[in-house]
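Before any comments, here is the structure.
Quick note: the coordinates plus some simple rules give every number you see, no bench work behind them. Since the model is a prediction, treat every value here as computed from it, not as a measurement. Neighbour counts run over all protein chains shown; Cβ positions are idealised from the backbone, glycine included.
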Amino acid sequence: MAEETPTNKEALELMNEQQTCIECQECCKWLTVVWDRGQFTPDLRHFYAIRGCRFTEQGRWIHVCIPTICSHLRFERGCLIYEERPDVCKKYDGREDVTMKGICKLV
């Protein structure tokens with residue numbers, strides 16, 4: 001069965017989303033570590049908090065977002081390895097990441 005081609009409007013919306021994503025780059029500035037709430041002690045929260053980390057709680061999980069800029073990101077040029085970037089970067093969608101709510105420009 002042949003794959004449907006997008007309409008002009010759908011193609012334009014996709015291009016606009018891709019451009020917004022490329023310009024945002026916020027997902028390239030954070031590293032997320034997920035902790036089980038039972039193991040996340042007040043000392044650990046303090047340790048991360050004084051380093052500028054953000055916290056997102058979801059059920060029994062605590063997502064700790066550590067400010068860490070990807071070594072391939074250049075603010076004036078974007079990703080230096082965009083065409084050869086790892087699969088994890090290709091598949092990432094900030095709209096599906098609870099830690100990127102209010103940060104990702106697509107959310």
Regarding the range 92-99, can at least one residue be identified that is acidic (Asp, Glu) and surrounded by 15 or more Cβ atoms within 10 Å (Cβ to Cβ)? yes
Can you find even one residue in the range 69-83 that is over 17 Å from residue 107 (Cβ atoms) and among the acidic types (Asp, Glu)? yes
Counting residues that are among the acidic types (Asp, Glu) and touching a residue at least 12 places away in the same chain (Cβ under 8 Å), which helices (runs of 4 or more DSSP H) fully inside the range 1-91 reach at least 1? 8-24
Of all residues in the range 1-32, how many are in contact with a strand residue (DSSP E or B) (Cβ under 8 Å, 6 or more places away or on another chain) and of a type in the set (A, V, I, L, M, F, W, C)? 4
